[in-house]
Each structure stands twice: as structure tokens, then as C-alpha cells.
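Undergrad: The structure follows.
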Amino acid sequence: MTALGSSGTALIDALKARLGESYVLTAAGDIEGHITEARGLYRGEALAVVRPKNRDEVAFVLQECAKAGVPVVPQGGNTGLVGGGVPYGGVVVSLTRLDGIREIDPVNATITVEAGCILKTVQDAASDAGYLFPLSLASEGSCRIGGNLATNAGGTAVLRYGNMRELTLGLEVVLADGRIWDGLKGLRKDNTGYDLKDLFIGSEGTLGIITAAVLRLFPKPHARVTAFIGCESPYDALKVFQRLREAAGDQLTAFEYIPEFGIEIVLKHMPGSVRPLAERHNSYALIELSSPQKDADLQSQLEAVLGEAFEEGLVQDAVFGSSETQSQALWGLREHLSEVQRMEGGSIKHDVSVPVSRVAEFIDVATKACEAEMPGVRVCAFGHFGDGNIHFNLTQPVGMDKAEYLGQWERFNRIVHDIVHGMNGSISAEHGVGLIKRDELMLYKDAVALDLMRSLKRALDPQNILNPGKVVSIGDNAPAALPK
Ligand SMILES: Cc1cc2nc3c(=O)[nH]c(=O)nc-3n(C[C@H](O)[C@H](O)[C@H](O)COP(=O)(O)OP(=O)(O)OC[C@H]3O[C@@H](n4cnc5c(N)ncnc54)[C@H](O)[C@@H]3O)c2cc1C
């Protein structure tokens, strides 16, 4: 905890009086989990971590902090990967107690949830009501809806259902001065001016604190088929993707890319995992088709497209997950990828997107550029190929010192982000900007867009107390962007 001046003490006393002593944490041991980031790249400090139970208490906290001029950092599950939820002084507002499911409207196909609901809880509630809430991430057992909204989270189902922005119809938000904006409308059509909810989605806690949302539900898929293909190059994989998209339309729910290096390290570190195809291939894709119709013959459709691609040499080998267990084993290869990279040493990560038409070219060009820059660097480019979103991660050369390698982060940022920018892509596809990409954003974002972003920040948070120094900096108290 940072030293408390008399105004800090008065603030903490006021918060304790309203929220209750046990919901205003100040002891070092109690706040430690809230001041460090999931991967341990960042560690900050805080006066206190507060745990309000409803939107009125959130509003009270913001009013008091605004009066005292003390920064406020909202936090959900603290699984973010860009240092966005790490406080550098001030008060952390943990939303975990706002975890109610307020309503499910089956005819409107919507669910109204509070920001502290764990994503998995929302998926389960939708499923119990006979619906699908499709946002799906590896962190779904601990990330929370407010965090998903604030980062406009993506994941493996974006290809079919869109990311959090597309899944949201309404929001409730507490503003920097403590006012509550009640935008909890479940409307598919509402042309009454500016779309305010889209300002807060993806704003990473810098414009307001989201306390509840109306989210879209979908029919549950009743038929599903999974396949794993091996190709000679990402270019061939892209041609297969295009054909599947044309043949299967919205039934194509996932097209995830994995390189041979990714498969190698999953097999090396994950006991029980099995090489899915007999031979090694340069590129693999995990494909899923699904449909709400029980009798949809997805396997025949997939076989027809892949059979033709095989004849033409675009697909070198393929296997179908013909049971739920086999499907899960194939998905396991994809899901373990992030975890196993850690076991190979330091990893310099880029979460980028380019137009889908250029995704194979991006993988090819960026891989060659990084390998030329540092012979021995091991490229693990994987992910949401069908969205043009690649996690372009660089595993350290074998035997190199980890700290020395991670010290090269900026050097590789320049290479990878320059290529992305040249392809009219984005330097952050799904994890956000937070701290880690704040200074990169200044290099690549359109100058007018940056100006507009700063104007919005000043208009909604004139005192610069909401998660200061993250995304765009408007004050002079910003913490350093790159991890120490
Ligand atoms: C293993 C793993 C896999 C992941 N996979 C994916 C993936 O596939 N796709 C993806 O998009 N992300 C992924 N992530 C990143 C992360 O899980 C997401 O960004 C998630 O949406 C963050 O939710 P959270 O509740 O943990 O947010 P936090 O980490 O607590 O916060 C994230 C940001 O949102 C702000 N915030 C939190 N709650 C609120 C609120 N109520 N109002 C306003 N601002 C708020 C915080 O200040 C911070 O800036 C992954 C992370 C891990 C660890």
C-alpha cells in the first residue's frame, strides 16, 4: 500500500463507512493479487481495493474519488494481457460482487447480467435456458463480463458470432463523476443519435465503469463437426478457408491456424497429446462447422470441400473428430498453445490483425523477417486465421538468456508492427492496448483518430482519474509502457 496522506485517510474512511470495513482492503497481503498482472509482467501499487455490491456503491466510490482527485482502476477477473488493470496508485474497484443475472428474455433472445459475472457463469445460465452465449476464451472460468466488455474480447467463435461489441445491445455505466448512465436496452434498432455503448466497449476502464449489460443469445448448435488439416503453407490454408466460407457460410464457426512448431511444443509438454496426422506439415488448421439443426449433415459438406482441396493438393492430410472426445482432443492441441510457449522460455508476443485476404502473406513475410533478424528465434504464429487475427509470438532461441531475449521486445515490435501497418492492419486485435501497447499506438494510429480519442477522454473524464495512463495518455503522470 502507498503512504496515505490525510485526504487519502479521509477517503478510505468514507469508503469504509459506506461499503463496510471488510469490503475496503488495504493490507498488503489482501491487495497483492489486484496490483499484479496475470503474466507477472507488471506490478503496481494501490491505496486500497474496494468491492462494492451494486451500482449505487460504485457511483459512491467514484463520487468520493472524484472529490479527492484520486485515480480509480476498475477490475474484473484480472486476466487481461496488456497491463490495463494494473493500478499505479489510487483505488482499485473490483466488480466481483456485482455478479447477478438480472433477466433472461427468451423471445428477445437476450440476457441481462452484471459486470462481475464470470463469463462461464453467463454461458451456463444461457445454456440452462436453452440458448448459446457464444463468447469463448481460454480464460472463461475467471474473466468477467465487465472485463470482456472493456476489452471488447474476442476468442474462438468470433468468425460466426462476432466479438463482444457485436454481442452487446445495452450497457449500464457509472461515469467519472459518479452519474449513472442507464443504457440497459435490449433493442436491435435504436437510431436516437450517437451509439454511446460503443464508446465504453473496448475503452479499458478509461471512460467509465460498466456495471451491467444486455447481451445477445443465439440458438444452441445441435450438430457439430471438427476437422484438423495439414497444408504445405498458410497460403494453401487460406484457399481452403475461402472455399469453406463459400460452401458453408455461417455454419463455419472456427478456422484456427497452428504452425508445426506449435504442434511440436504441445506434444513435448502436454502429456497424453497425440500427433493428429501421420506426417509433419508446415501449416495446420482446426476447423469447426456447427448448426442449430439436429439433422444438418455437416460432415458430408466438410468432406466434399476438403476432398476437392485434397485432389488439388491444397490439403495434404486431414482427420475428422468423429466423436466428442476426439473433437476435444483436437481442440486441446489449440488450447494448450499459450501455456506450452511459457515452457520453452521467453516469448515476445504480438496480437495483430490484417485483412483476411492478407493473413497468409503476413505470416510468411513476418516469419521470414524475424528469422532473418535473429537466427534461431522460433516463430509461433497461431490463432484466429478466419478473423485475420494472428498471435504472432516469438519464442527465444534455445540456450539464450531469457532476460536478454525479452530486452529485444521493442526491436521485434518495430519489425512486426511495421509489416502489420503496411498491410493496413491493427497492432491490437483482441487483447487491447492497456500499458503494453500505449506507446506503440502513438506510432501507428491515425493522428486524427488519436486526437478524437483524447477529446473523448477529456470530455468524459476531465480530471483524468479513470485508469490514467492507459490506452491514451492525457496527463503527465503516466507509468512506463514496457514491462520492467
Ligand atoms: C489464458 C488466457 C487466454 C485468453 N484468451 C483470450 C482470447 O482468446 N481473446 C481475448 O479477447 N482475450 C483473451 N485473454 C485476455 C483476457 O482474458 C480478456 O481480455 C478478458 O476479457 C479480460 O477480462 P477480465 O475480467 O479478466 O478483465 P480485467 O483483466 O480485470 O480488466 C481488463 C481491462 O478492463 C478494465 N475493466 C475491467 N472491468 C471493467 C468494468 N466493469 N468497467 C470498465 N472497465 C473494466 C480494466 O481496467 C482493464 O483495463 C486471455 C487471457 C488469458 C489469461
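The values are calculated or read from the model by the stated rules, or taken from the named source; none is laboratory data. These numbers come from a predicted model, not from an experiment. When we count neighbours, we look across all protein chains shown, and the Cβ atoms used for this are built from the backbone with ideal geometry, even at glycine. Quick note on the areas: whole protein, heavy atoms, side chains included, nothing else; ligands and nucleic acids left out. Shrake-Rupley method; radii C 1.70, N 1.55, O 1.52, S 1.80 Å.
Undergrad: Tell me which residues, restricted to the range 302-340, are open to solvent by less than 60 Å² (accessible area, probe 1.4 Å), at pLDDT 95 or above and not hydrophobic (A, V, I, L, M, F, W, C).
TA: Passing the criteria: Gly307, Gly313, Asp317.
Undergrad: Can you name every one of the helices (runs of 4 or more DSSP H) wholly within the range 374-465 that holds 1 or more residues which are aromatic (Phe, Trp, Tyr), buried (at least 18 other Cβ atoms within 10 Å of the Cβ) and in contact with a strand residue (DSSP E or B) (Cβ under 9 Å, 6 or more places away or on another chain)?
TA: In the range 374-465, the matching helices (runs of 4 or more DSSP H) lie at 402-406, 409-422.
Undergrad: For Leu330, only one of the following conditions fails: (1) touching a helix residue (DSSP H, G or I) at 6+ places or on another chain (Cβ under 6 Å); (2) under 22 Å from Ile287 (Cβ atoms); (3) of a type in the set (A, V, I, L, M, F, W, C). What is its number?
TA: (1)
Undergrad: Here's something else I'd like to know. Only one of (1) in a helix (DSSP H, G or I); (2) among the small types (Gly, Ala, Ser); (3) over 28 Å from the mean Cα position of the chain (by Cα) fails for Ala296. Which number is that?
TA: (1)
Undergrad: Right, another one. When the range 20-52 is examined, which residues are found to be more than 14 Å from the ligand (Cβ to nearest atom) and part of a loop (DSSP other than H, G, I, E, B)?
TA: Of everything in the range 20-52, those that are more than 14 Å from the ligand (Cβ to nearest atom) and part of a loop (DSSP other than H, G, I, E, B) turn out to be Gly20, Thr26, Ala27, Leu47.
Undergrad: If I filter the range 79-93 down to residues being in contact with a Gly (Cβ under 6 Å, 6 or more places away or on another chain) and on the phi < 0 side of the Ramachandran plot, which single residue comes out as surrounded by the fewest Cβ atoms within 10 Å (Cβ to Cβ)?
TA: Of everything passing the filter in the range 79-93, Tyr88 is surrounded by the fewest Cβ atoms within 10 Å (Cβ to Cβ).
Undergrad: Tell me which residues, restricted to the range 307-329, are part of a loop (DSSP other than H, G, I, E, B) and among the small types (Gly, Ala, Ser).
TA: Matches in the range 307-329: Gly313, Ser322, Ser323.
Undergrad: Any idea how many residues of the range 94-109 are farther than 26 Å from Asp351 by Cβ, within 12 Å of the ligand (Cβ to nearest atom) and not in a loop (DSSP other than H, G, I, E, B)?
TA: So the answer is 0.
Undergrad: Just wondering, is there one or more residues in the range 251-271 that are in contact with a Pro (Cβ under 6 Å, 6 or more places away or on another chain) and within 29 Å of Asp124 (Cα to Cα)?
TA: no
Undergrad: For the range 68-78, which residues satisfy the criterion of being over 20 Å from the mean Cα position of the chain (by Cα) and surrounded by fewer than 24 Cβ atoms within 10 Å (Cβ to Cβ)?
TA: Those that are over 20 Å from the mean Cα position of the chain (by Cα) and surrounded by fewer than 24 Cβ atoms within 10 Å (Cβ to Cβ): Ala68, Gly69, Val70, Pro71.
Undergrad: List every residue pair whose Cβ atoms lie under 6 Å apart, where the two residues are 6 or more positions apart in sequence or sit on different chains, the first residue falls within the range 71-86 and is more than 6 Å from the ligand (Cβ to nearest atom) and at pLDDT 95 or above, and the second residue, located anywhere, is open to solvent by 30 Å² or more (accessible area, probe 1.4 Å) and not β-branched (Val, Ile, Thr).
TA: From residues that are more than 6 Å from the ligand (Cβ to nearest atom) and at pLDDT 95 or above, there are no pairs.
Undergrad: Separate question: Taking the residues in the range 344-373 that are over 30 Å from Leu252 (Cα atoms) and in a loop (DSSP other than H, G, I, E, B) as candidates, determine which candidate is least open to solvent (accessible area, probe 1.4 Å).
TA: Filtering the range 344-373 for residues that are over 30 Å from Leu252 (Cα atoms) and in a loop (DSSP other than H, G, I, E, B), the one least open to solvent (accessible area, probe 1.4 Å) comes out as Gly346.
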